[in-house]
Amino acid sequence: MSQWTILCDFDGTIAGDDVTDVLLSRLAAPEWKRIEADWQRGVIGSRECMTQQVALIDASRQTVDALLDTLPIDPGFPDFVAEARRQDMSVMVVSDGLDYAISRILARHGLGHLPVRANHVVHDGVRGWSMLSPYAYAGCAAASGTCKCSIASQHADTLLVGDGRSDFCVADSADYVFAKHRLITHCRGLGIPHQPIADFHEARSLLARLPELAMARAVAC
C-alpha cells in the first residue's frame, strides 16, 4: 500500500482566521478591498489579486511578527499531525496564502518541520513587501498563486483537508476530502464524496478509516 499524503489548507482550516486578510485589514492601504472585489467578481485570478494586495502592506517585520504571534490555530492540529505520523502518513501544508506567515505561526506551535507550499513573501528590509508564486502553474484553472491540483498530481494517494474556494478544484482530484465550511457545500453540490469535519480533533479520529473511506469513493466513482 502506498503512503498517504495529507494536503492541508492553512487559512480557515489550520488557522481559524484568514491570516492574509488579517494582515491586509490591519497593515495595508484600503485599496486592497477594491482588488479583493475584483477577484470575487472573477475579473482577476487569486495570484494577481494577492500580488497586488501584498504590495500594499506598509509595516516593519517586527510589526508583522507581533500581529502573527497573536493568531491561533486549531488546537487539535498538533495531535492530528502526530497521529498521521504514527500511521505513516505525511502532512504537507498547501496554501494560496503567504509562506512567511504560515511558517512563523506553525513554528510557534512546534510544527516548523512541516513542509509548506505557498506564495513566497519578500521583505525589503524596511516597510515594503512583495510576493512571488513558486508553485504557480500556467494551466491552473483558478489562476492561483499556488496550484493545489498540480501539487496533488505529484502524489499517489492524497487526502485534502480544506475549507474554501482555493480547495474547490483539487477536491475533485484528491483521493478523499475532509471538508470544512464552504468546501462542504461545494462537495455536496457536485456530489464529491467527502467527510464533513468541525475541527482537527474530529479529523484525527477519522484517519484510521481513511483507506476505507477512499475505497468507498473509488467504488462510487
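What follows is calculated from the coordinates using simple rules that are stated; it is not laboratory data. The structure displayed is predicted, hence computed values, not measured ones. Cβ sites come from the backbone with ideal geometry, for glycine too, and all protein chains shown count toward neighbours.
Structure notes:
- Near-label residues of segment 92-125 by backbone N, under 20 Å of a point 7 Å along Cα→Cβ of LEU132: 94-104, 115-125
- By the count of neighbouring beta-carbon atoms within 10 Å, fewest first, ARG117, ARG209 end up ordered ARG209, ARG117.
- Taking amide H positions as modeled 1.01 Å from N, with prolines and chain starts lacking one, the residues under 5 Å from ASP96 and 5 or more places away or on another chain are PHE10.
- Between LYS33 and HIS181, the simple spin-label model (points 7 angstrom out along Cα→Cβ) gives 1.9 nm.
- In order through segment 114-121: 3J(HN,Hα) via Karplus (6.51 cos²θ - 1.76 cosθ + 1.60), integer Hz, x for Gly, Pro: 5, x, 10, 10, 7, 5, 9, 9
- Length added when fully stretched, LEU71-HIS109, from 0.36 nm per residue minus Cα-Cα: 12.6 nm
- Segment ARG61-ASP172, length gained on full extension (0.36 nm per residue, minus Cα span): 36.2 nm
- Kirkwood-Stokes translational diffusion coefficient of segment 4-220, alpha-carbon pairs, 25 °C, 0.890 mPa s, µm²/s: 139 µm²/s
- Separation of alpha-carbon centers, segment 43-92 and segment 102-178, rounded to whole Å: 9 Å
- Across segment 148-165, coupling constants 3J(HN,Hα) worked out from phi with the 6.51/-1.76/1.60 Karplus curve, θ = phi - 60°, read 5, 5, 5, 5, 4, 5, 8, 10, 6, 10, 10, 10, 9, 10, x, 9, x, 4 Hz, and Gly and Pro carry x.
- Relative intensity, log₁₀ I(q)/I(0), of segment 36-98 from a Debye sum that treats every alpha carbon as a point, q = 0.12, 0.20 Å⁻¹: -0.56, -0.94
- Candidates ALA152, ALA138, ALA55, ranked by Gaussian network fluctuation over the chain, Cα under 10 Å, top entry: ALA138
- Dividing the radius of gyration of the alpha carbons in segment 103-177 by their Kirkwood radius gives 1.02 for Rg/Rh.
- In loop segments of segment 1-98 as defined by DSSP, the trypsin sites (Lys or Arg not before Pro) with at most 16 further C-beta atoms inside 10 Å of their C-beta are ARG41.
- Taking Cα atoms only, the orientation of helix 77-86 departs from the longest principal axis of the chain by about 40 degrees.
- Relative contact order (percent, whole number), the chain, Cα cutoff 8 Å, 6+ residue spacing: 23 percent
- Between HIS201 and ARG86, the FRET efficiency from the beta-carbon distance, with R0 = 22 Å, is close to 0.90.
- Compactness of segment 131-221 as Cα Rg over 2.2 N^0.38 Å, two decimals: 1.09
- Using a Förster distance of 22 Å, the FRET efficiency for SER153-ASP79 (Cβ separation, nearest 0.05): 0.15
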